[in-house]
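The values are calculated or read from the model by the stated rules, or taken from the named source; none is laboratory data. Small disclaimer: the values here were computed from a predicted structure and weren't measured. Cβ: placed from backbone, ideal geometry, glycine included. Neighbour counts: every protein chain shown. Each accessible area value is taken on the protein alone, full model and side chains, heavy atoms only, with ligands, DNA and RNA left out. Shrake-Rupley method; radii C 1.70, N 1.55, O 1.52, S 1.80 Å.
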Amino acid sequence: MVISKQQCQTALRRLKRLLAARYPEAVKTPEWGGFEYRLEENFPTLLNHLLELYGHHFDFYYHLERLLEIMADAWLERPPDWKSVDAMREADPSWYQSGHLIGAMAYVDLFSDDLKGLQDRIPYLKELGIAYLHLMPLYKSPDGDDDGGYAVSSYREVDAQLGTTEDLIELASELRRQGISLVLDFVFNHTSDEHEWALKAREGDEAYQDYYLMFHNRAEVDEYQQHLRAIFPDERPGNFTYLNRLRKWVWTTFHTYQWDLNYRNPEVFNAMAGEMLYLANCGVEILRMDAVPFIWKQKGTSCENLPEAHTLIEAYNAISRIVAPSMVFKSEAIVAPDEIKKYISTDQCQISYNPLLMALLWDGLATRNAKLLRHSMEKRFDIPNGCAWINYVRSHDDIGWGFDNDDAHEIGLDPHSHRRFLTQFYVGNHEASFAEGALFQEDPNTGDARVCGTTASLCGLGRALDLNDEAEIELAIRRILLIHGVTFTIGGIPLIYLGEEIGMLNDSSYKQEVDKEDDERWLHRPQFDWAKADLRAESGSVEQRIYEGFLKLSQLRFNNAALARGDTEIIDPGNDHVFGYFRTLPEQSILCLANFSDREQIVPAPRLRQLGLKKVLTDIIAGQTVIANKVLRMEPHQFMVLLRQGGG
């Protein structure tokens, strides 16, 4: 449904009168003017998106009125300090593109025991240069199976073992004072089966059953299922769970205890808008939009990446711009590369994980070759102005080989056999492997699988330490710093999974815990080892060598404008083992080169001349002058940052 500008203005005038009657004292305050101004600016966008999703509902305008009340309540409850941040962010809308924004992520209990303890760890984060802290889901969730916190039982309650909501609010305020933005997850595709809404649905309340996707008829379930892929194929078949008591099937994309929400119901949209704004008022500055491809379902489709999913996110984005304009969205879409980019815009998710870069960095280490990495990044690295990639090496999740099949074909690779090679390589089943990873969710029908393991273990550090082989230890450290060198300098926000900076290894102790033993991802989610972190101050230790490398990368971003906001141009350095790119501003140009081979490689000097570089270069990573008369020589797994003044 499309309405005219005049119809939109008429609807807004009527709604403003309703709000004035509902909040007679608030509308007299100067603060209300700010809310009303942003409402007028963003209402046409919001209304059109809601009409597209829900315009066919007979009670559409009732739900619209209710939504505006939710928004007005959230604005009135928004703390003054966060309204101040709103004003600052509106004055600098691309604040998240600052070179000073270096990210870290962690589970609260694994990093600092609880939220109060995390405040004591802020100096460590500041030492690393962290200005973006993503805390893994800390909401109330079921005991036992909770998918690492992604089965949410209440968005307004903190897991009691981690603290209280008041602790979270206090932490967010302290982080802001220290210049660190808080990032939390918005798990909005599903709730846990212990959420209040789910419990009421189990009790037979049909209004709450309509909050979820429930079906009486198995035949209808089968109509959907024939087009769906299984997310955890070795755990259970299909995407639905039978509820004996209700004699209904409920949609469960991920786990049986995670019930998918029914966004065809405008009450669900409004309820989740309220939860989103509650988190914003707690002090969240970046909201990780979890599982965005799955949020809209349509029979006869894969129920992934549907147009309505984008419309839904755009509607939430408009709500955020009205009530909490300092908050931006980060998309979590681990899907085909072309689909990932469709979620990235200032109207949807301003920032996004870059799983393609992540997967191809690991590909480069395994193959000792950067050809697929270069080919894919040339085609797919650019994103709209005002947006930013989150570049990472590891996260809490597994590694999937999400490169584009056509990209592989175009450089002569069979994508299916290449994925099998990468999986076998990183679980240590290849003669050239240095890695110690674990297989995750192998699909017996397709042979597809993912990989688990910490960065250090996948880079061969554990094996090298076991062998007490100094040469292999050095290569492992170089691999760690090489791939992080790329994430820190290619453009976007680098994200560290805390523990990477001190070389933490796989932890198999999860196998002794009943609620974790079947989930190999806990292999790379060890308890943060503070004794190991203390070794970062011990000269020559493995921890010190890795940590100092991270500090150097942080300093590079702080001290070189081109690495902060420069344009990125992927280049062919004339050697397929070497990945290269320029970061350029009018006043500064930097060439980054990454040797993915464990042998010395050369970049031909004529190619450097073609790229506008002189014979004498400065590598600001090594702090050395490099003379390239005929060739530029790169040591095994060396990462170079070559500075050229004056742009060009």
Shape of the range 553-613, Cα gyration tensor, a/c cut at 1.5: oblate
Cα-based Rg and Dmax for the range 476-571, where Dmax is the largest Cα-Cα distance (Å): 16.3, 50
Relative contact order for the range 449-604, counting Cα pairs under 8 Å that sit 6 or more residues apart, in percent: 20 percent
Length-normalised contact order for the chain - Cα pairs under 8 Å, 6+ apart - percent: 11 percent
Amide proton proximity set for Leu632, modelled H, under 5 Å, gap of 5+: Val603, Ala605
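Where in the chain are the DSSP H helices whose alpha-carbon span along the long axis reaches 15 Å or more and whose Kyte-Doolittle mean is at least 1.0?
355-367
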Inter-probe distance in nm under a simple model that places probes 7 Å from Cα toward Cβ, at Ser84 and Gln555: 3.3 nm
Hydrodynamic radius of the range 335-404 per Kirkwood, over alpha carbon pairs, in Å: 12.6 Å
By accessible area with a 1.4 Å probe, ligands and nucleic acids excluded, highest first: order of Asp260, Asp59: Asp59, Asp260
Calculated FRET value between Glu223 and Glu267, using beta carbons and R₀ = 22 Å, to 0.05: 0.30
Per-residue SASA entry for Phe111, accessible area with 1.4 Å probe, Å² rounded to 10: 10 Å²
Chain lengthening between Phe232 and Glu339 when straightened (0.36 nm per residue, less Cα-Cα): 36.4 nm
Cut-off under 5 Å, modelled amide H: who pairs with Ile493 long-range: Trp389, Ile390, Asn391
Nitroxide proxy distance, nm - points 7 Å out along Cα→Cβ at Ser417 and Glu513: 4.1 nm
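Accessible area per residue for the range 460-606 in Å², computed with a 1.4 Å probe and the full protein assembly in place, what is it?
Value for the range 460-606: 38 Å² per residue.
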Table column - 3J(HN,Hα) (Hz), the range 332-348, Karplus curve with 6.51, -1.76, 1.60, x for Gly and Pro: 10, 10, 8, 9, 4, x, 5, 6, 4, 5, 5, 8, 9, 6, 5, 8, 10
Approximate spin-label separation Glu548-Val2, in nm, with each point projected 7 Å along Cα-to-Cβ: 6.4 nm
With every protein chain in place, the chain: carbon and sulfur % of accessible area (1.4 Å): 47 percent
Leu312, Leu481, reordered so the largest accessible area comes first (probe 1.4 Å): Leu481, Leu312
Glu308 accessible area, assembled protein chains, probe 1.4 Å, Å²: 60 Å²
Order of exposure, largest accessible area first, which applies to Glu40, Glu206 with probe 1.4 Å: Glu206, Glu40
Fully extended contour minus Cα-Cα distance, from Asn244 to Glu600, at 0.36 nm per residue: 121.8 nm
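Quick one: of Lys140/Lys248; Lys140/Lys330; Lys371/Lys615; Lys200/Lys511, which pairs are farther than 28 Å apart, Cα to Cα?
Beyond 28 Å between Cα atoms: Lys200/Lys511.
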Tyr139 long-range amide H proximity, modeled H, under 5 Å: Asp159
Computed [θ] at 222 nm, deg cm²/dmol, the chain (DSSP H ≥ 4; -39,500 (n - 2.57); rounded to nearest 500): -12500 deg cm²/dmol
Additional length obtainable on full extension of the chain from Thr165 to His409, 0.36 nm per residue less Cα span: 82.8 nm
Three-way shape call for the range 359-437 based on the alpha-carbon gyration tensor, with the a/c threshold at 1.5: oblate
Cα centroid of the range 77-146 to Cα centroid of the range 1-69, whole Å: 32 Å
Per-peptide average of other Cβ atoms within 10 Å, ordering 557-565, 351-359 highest first: 351-359, 557-565
